[in-house]
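The values are calculated or read from the model by the stated rules, or taken from the named source; none is laboratory data. Since we're looking at a predicted model, the values are computed, not measured. Note: ideal-geometry Cβ built from the backbone for every residue, glycine included; neighbour counts use all protein chains shown. Side chains are part of the model used for accessible areas, which takes the heavy atoms of the whole protein and leaves out ligands, DNA and RNA. Shrake-Rupley method; radii C 1.70, N 1.55, O 1.52, S 1.80 Å.
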Amino acid sequence: MPEGHTIHRLASAFEDGFLGARLALSSPQGRFAAGAARLTGQILVSAEAVGKHLFLGFAPEERALDDGTAESYVHVHLGLYGSWTFAGDQEFSRVHAIGAPRRRLGEQESTPGTGAGPAGEHSWRHLAPGENVRLRVVGPHGLADLTGPTACAVLEPAERQAIIDRLGPDPLRADADPRVFVERVRRSRTAIGTQLMNQAVVAGIGNIYRAELLFRARLDPFVPGTELTAGIVRGLWDDLVPLIGYGARTGRIVTTEPEHRDIHPIIRERSRGTRQNGDDDPDVVPREKSFYVYHRQGLPCRLCDTPVRDATVSGRAVYWCPRCQTARKRRASWDRGTCLD
Ligand SMILES: [Zn+2]
């Protein structure tokens with residue numbers, strides 16, 4: 001599942017590529033046909049990420065120029081299988097230098113279905129959408145295709161606000177209040193490893209940041225929140241902000257310190273979700289050196305050689321080093337396998 005930094009990158013991509021433009025919306029698959037018909041022809045006035053939620057704000061052209069207030073939103077949650085694919089001309093690709101998780105450029109594509117499509121920068125206009133495209137957004141310089149989302153719906157402003165109100169602070173947002181995170185963690189007896197995945201406690205963290213953050217803090221994933229000091233919990237937040245900020249800038253999650261990257265540089269290849277943007281780029285930290293414990297179950301800990309352990313909690317695997325992660329150690333066996341609260 002994409003973690004929050006990916007959604008922030010998507011919001012930036014929409015801002016750079018479509019903000020202020022009159023957009024054509026369609027649903028080649030049909031499941032978002034009514035929503036697309038309602039908003040097509042309107043102006044994109046905002047693109048915003050909150051945790052793993054993307055909100056694209058729209059207003060009719062005659063009112064969009066007034067104060068830029070969105071009257072409706074397209075709300076997208078990618079879930080486990082959703083993704084956006086972008087295509088566009090040279091101008092579009094330049095503004096996407098920081099890019100989205102997946103990108104294809106019109107000039108590199110042939111026209112599906114017709115063989116030799118028109119060459120040049122307008123060829124993106126002739127890309128036929130796949131039949132599984134829930135939403136296609138077309139602007140003056142490019143398009144974006146959404147496939148496989150968990151949620152894609154038109155929301156009124158109050159409905160958007162209701163979603164945001166249910167979320168914990170998002171470490172990538174300037175308006176995030178870390179005190180809310182500290183309070184929510186400490187008032188619950190739920191294990192810290194479970195709480196970090198609860199979007200009402202902190203918005204945007206997924207399985208990788210969860211495992212890595214706990215290792216970096218040397219914290220046992222099964223310690224109840226009530227047993228953690230405010231300083232320890234605040235320390236998690238303060239470590240997370242630059243880590244996830246790096247992810248938002250680069251599209252990659254790297255949590256290892258440079259001096260630890262060449263120690264046991266291997267991870268288990270169990271999931272396609274382990275792949276990262278830029279894996280083929282020799283100038284980036286390869287993913288097998290990027291993590292301390294994530295997908296390293298059974299392999300020696302980079303710091304102490306103890307085999308990394310894994311367990312399934314709330315349906316998701318948690319990874320930890322039983323020797324290093326002993327701060328506030330207390331095995332709360334009753335907490336294993338409990339559901340997200
Ligand atoms: Zn260790």
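Details
- Along the axis of the charge dipole computed for segment 160-308 (Cβ charges of +1 for Lys and Arg, -1 for Asp and Glu, origin at the Cα centre), the listed residues Pro169, Pro265, Gly247 are led at the positive end by Pro169.
- Between the beta carbons of Glu131 and Asp175, assuming R0 = 45 Å, the FRET efficiency works out to 0.70 to the nearest 0.05.
- When both segment 204-255 and segment 68-85 are represented by their alpha-carbon centers, they are found 26 Å apart.
- Couplings for segment 253-259, taken from phi via the Karplus curve 6.51 cos²θ - 1.76 cosθ + 1.60 with θ = phi - 60°, read 9, 10, 10, 7, 6, x, 6 Hz in order; Gly and Pro are left as x.
- The stretch between Ala327 and Arg261, if pulled fully straight at 0.36 nm per residue, gains 21.5 nm over its current Cα-Cα span.
- Selection of trypsin sites (Lys or Arg not before Pro), segment 183-260, meeting DSSP coil and at most 12 other Cβ within 10 Å: Arg187
- When the Cα convex hull of segment 1-43 is projected onto planes of every orientation, the mean area is 3.8 nm².
- Shown for segment 170-335: the carbon plus sulfur share of the solvent-accessible area, taken with all protein chains present and a 1.4 angstrom probe, equals 48%.
- Of the peptides 24-32, 171-179, 10-18, the order by per-residue mean of other Cβ atoms within 10 Å, starting with the highest, comes out as 10-18, 24-32, 171-179.
- Point-to-point label distance, Asp66-Arg38, nm (Cα→Cβ direction, 7 Å offset): 2.0 nm
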